[in-house]
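One structure is given here, and the rest of the page talks about it.
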Amino acid sequence: MIRKITINNPIDTGSVVKEIEPERHFTTDKELDDATLFERFAADSAAKTLSLVLKDDEQVYGLGETVRGMNKRGWTYTANNSDDPDHTEGKHSLYASQNFFIITDGKKAAGYYVDYPGYLTFDVGYTIHEELRIIFTDLDADIYEITGDGENSPRAIVREFRGLTGQSYIPPIWAFGFGQSRWGYRTEDDVREVADRYEKAGVPLDSIYLDIDYMERYKDFTTDDEKFPGFRDFTAEMKKRGIRLVPIIDAGVKIEKGYDVYEEGVKNGYFCRKENGENFTAAVWPGRVHFPDFLNDDARRWFGDKYRFLLDQGIEGFWNDMNEPAIFYSDEHLKEVFEKIEDYKGKNLDINTFFEFKDLVGTIDNNPVDYRSFYHNFHGKNIRHDKVHNLFGFYMTRAAGEAFDRYRHDKGTDKRYLMFSRSSYIGMHRYGGVWTGDNKSWWSHILLAMQQMPGLNMSGFLYTGSDTAGFGDDTTEDLAMRWTEFSIFTPLFRNHSCDGTRKQEYYYFDDVREGKDNPVKAHTDTRHIDDFRKIVELRYALLPYIYSEFMKAAKNYDMYFRPLAFEYAGDTRAAETEDQLMVGDYMMIAPVYKQNANGRYVYVPEDMRLLRFRAFDDYDEEEVAKGDHYVKAGINETLIFLKKGYKLPFAAPGKNVDSMIEDGATEDSLSELKGWKNLQYI
């Protein structure tokens, strides 16, 4: 059952597809403060707060892509999409805002969705351990309570919520293959080298990602004719090899006379404006840019149709980035900072003035004042950006999704296109997936990625994954291998790293052994490219299960990844276990995420079958009884636990997804385990 209350004058975010009439619409502070909302919430209109008492045995799950564990009790989380690559436990917001959470004691549960696109704080037992507080900037919101349709388990509540917000995006089948990415593939030959070396190593590969280097001076919907000449032919060349190119699209449009996207946007009033009507100017990769007003229907259609420039050249997938939106600086604030810097010249910078100076320079990027300095034309109203900040990435990706529908119609095809985004809000899950942003090559970020998956799935984001081996900082071979052993289960499986960091394409780890980067030659029996190949091949062998379970979750409004607590209600140990995941209906995974570990402790919630894989055709099998166990897992071993009575569908891995599919098979038939070559069960 879904109930709704409306407080004052909320913004229609577009996140909900099923119209629910509010049972109460509060328009005065007194009537709000005198009411008990959904039998649990009390309101304090003066403090702009809703609160409820949490029982000692209640857990809180959800809030999408956030830091810390699956149970969110004990910290504060802010809905404020932020360009912040340092995902440490002390942070309160990352790139996304998914304001849906479930409270459960293991026996009964209720879900709550706070549809509010501005800055919002969830104090989940941080200030007072027994209290959950929701603190608004403006007390204007639609709030939903979901208690399940005849069943109030967390999983049933998720299904009800997803029915409210719409079906999850489904990518093309090839997008479930392995993708290699790095900021720094600067020429066609750089990309060819990646393809050649993976092919030589025998590692399956379906996509290579193009970061900002492919563009002409970082301008959206352009290609650099010197570094990527004949882009259409190059796309066809790679497609012939079974590899799709997936380019990045950024949120800022470079200010440059003669650049058609800029000229059209200015002419038609498609950019965000300042209060005085001038186009707002900020800076990102190209330097000074304007931001398209994605909340404006006409501007959104215009920008979406720009993807055709690349679609017409054979591109079949994209990733949207920098769409919180990230701001390097604005003209106005940069000028203020330069003026204030003058005050520090010639001073003796002591402990106070040094940090004042340092903090001053640190305010240049992503400054809150800048986000209050421009406006959107949204539903015919002039709305200041900070009031709808968390919708920007959602509506950028919506622009692409709607444009793909038009493109399919024009071409007379039902072809799916890959689309995922860094920034998101509930509702965007209908148009694309997400990746968890610019993480780091830290062991703790393997665990963080695992713990983020259920919260994202709850909110409808099924096509998701992390930057395998870490985006920032320098990875290590063992970290990359352990991370890959987790990522082979995520629908989005991409190795992605930052320019200037250690290269982490899997074949580079053998370069060191062969002395290309290190004059000391290693023993010939330590070539780990074969281990990486076998792990990636295992992913391809598992595709019948992964794809089938993904499609079931998408079509049935369900979750692909689930906490053990959702599967084993009332099991205290299951509720405490936050480093294992249910994957689909009958698989549990327990990845190793600690350095130098040769195994790990695993809680087995029922008698299960353990498969310890070294390759898709090399594994041990044993029965494991319910309880706590220390399970060995060598650096090249992947653990899979199966519920008793189930067999795992398997296919012989190919060099890419297309090579594993029978002629004439459809994507729907593959989800029914029909059309895979050499399908078997173990």
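Quick notes on this structure:
- Modelled FRET efficiency - R0 56 Å, Lys335 with Asn596, Cβ distances, 0.05 increments: 0.65
- Per-pair calculated FRET efficiency, R0 = 41 Å: Asn556 and Asp196 via Cβ, rounded to 0.05: 0.50
- Model label sites at Lys108 and Thr476, defined 7 Å from Cα along the beta-carbon direction, differ in position by 5.0 nm.
- Full extension of the chain segment joining Glu402 with Val624 gains 75.1 nm, where the gain is 0.36 nm per residue of separation less the Cα-Cα distance.
- The stretch 25-73: trypsin sites (Lys or Arg not before Pro) in DSSP coil with no more than 12 other Cβ atoms inside 10 Å: Lys55
- Straightening the chain between His25 and Arg40 buys 3.7 nm, computed as 0.36 nm per residue apart minus the Cα-Cα spacing.
- Asp617 sits among other residues whose Cβ lies under 12 Å from its own Cβ, and their net charge, with Lys and Arg +1 and Asp and Glu -1, is 0.
- Of the trypsin sites (Lys or Arg not before Pro) in the stretch 293-346, the ones in a loop by DSSP (not H, G, I, E or B) with at most 15 other beta carbons within 10 Å are Lys345.
- Amide H to amide H distances under 5 Å link Arg182 with Tyr209, Asp211, Ser497, where only residues 5 or more positions off or on other chains count and H is placed in the peptide plane.
- DSSP bridge pairs, the chain: antiparallel proportion in percent, nearest 5: 75 percent
- The stretch 150-220 versus the stretch 122-140: alpha-carbon centroid distance in Å: 35 Å
- Phi-derived couplings, Karplus 6.51 cos²θ - 1.76 cosθ + 1.60 at θ = phi - 60°, listed residue by residue for the stretch 429-439: 4, 7, 10, x, x, 9, 10, 7, x, 7, 6 Hz, with x used for Gly and Pro.
- Extension gain (nm, one decimal) between Ile351 and Glu576, 0.36 nm per residue minus Cα-Cα: 76.6 nm
- Computed over the chain, the quotient of the alpha carbon radius of gyration and 2.2 N^0.38 Å is 0.96.
- The GluC sites (Glu not before Pro) found in the stretch 76-156 that occupy coil by DSSP, while having at most 16 further C-beta atoms within 10 Å, are Glu89, Glu130, Glu151.
- Ligands, DNA and RNA are left out, and with a 1.4 angstrom probe the accessible area of the chain is 38 Å² per residue.
- Other-chain or far-sequence residues with amide H under 5 Å of Glu131's (modelled H): Leu54, Gly125
- Computed per residue of the chain from DSSP H runs no shorter than four, each worth -39500 (n - 2.57), the mean residue ellipticity at 222 nm is -8000 deg cm²/dmol.
- Prolate/oblate/rounded call for the stretch 205-322, Cα gyration tensor, a/c under 1.5 rounded: prolate
- The phi torsions of the stretch 314-326, fed into the Karplus equation with coefficients 6.51, -1.76 and 1.60 and a -60° offset, translate into couplings of x, 6, 10, x, 9, 10, 8, 9, 6, 10, 6, x, 6 Hz, rounded to whole numbers, with Gly and Pro shown as x.
- Rounded, prolate or oblate (a/c below 1.5 giving rounded, otherwise prolate when a/b exceeds b/c) for the stretch 162-270 by Cα gyration tensor: oblate
- The label-point distance for Ile682 and Val369, in a model that sets each label 7 Å from Cα toward Cβ, rounds to 6.1 nm.
- The shape of the stretch 603-673 comes out oblate: with a ≥ b ≥ c from the C-alpha gyration tensor, a/c is at least 1.5 while a/b does not beat b/c.
- Residue-wise HN-Hα couplings along the stretch 369-374, as the Karplus relation 6.51 cos²θ - 1.76 cosθ + 1.60 with θ = phi - 60° gives them from phi, are 4, 4, 6, 9, 10, 9 Hz; Gly and Pro carry x.
- Accessible surface, 1.4 Å probe, highest first, among residues Met481, Met1: Met1, Met481
- Separation of the stretch 228-275 from the stretch 524-568 is 33 Å, based on Cα centroids.
- Label point 7 Å beyond Cα of Glu151 along Cβ direction - residues of the stretch 6-41 with amide nitrogen under 12 Å: none
The values are calculated or read from the model by the stated rules, or taken from the named source; none is laboratory data. No experiment lies behind these values; they were computed from the predicted model shown. Every residue, glycine as well, gets a Cβ built from its backbone with ideal geometry; the counts of neighbours run over all protein chains shown. We work out accessible area using only protein heavy atoms, side chains counted, and drop any ligands, DNA or RNA first. Shrake-Rupley method; radii C 1.70, N 1.55, O 1.52, S 1.80 Å.
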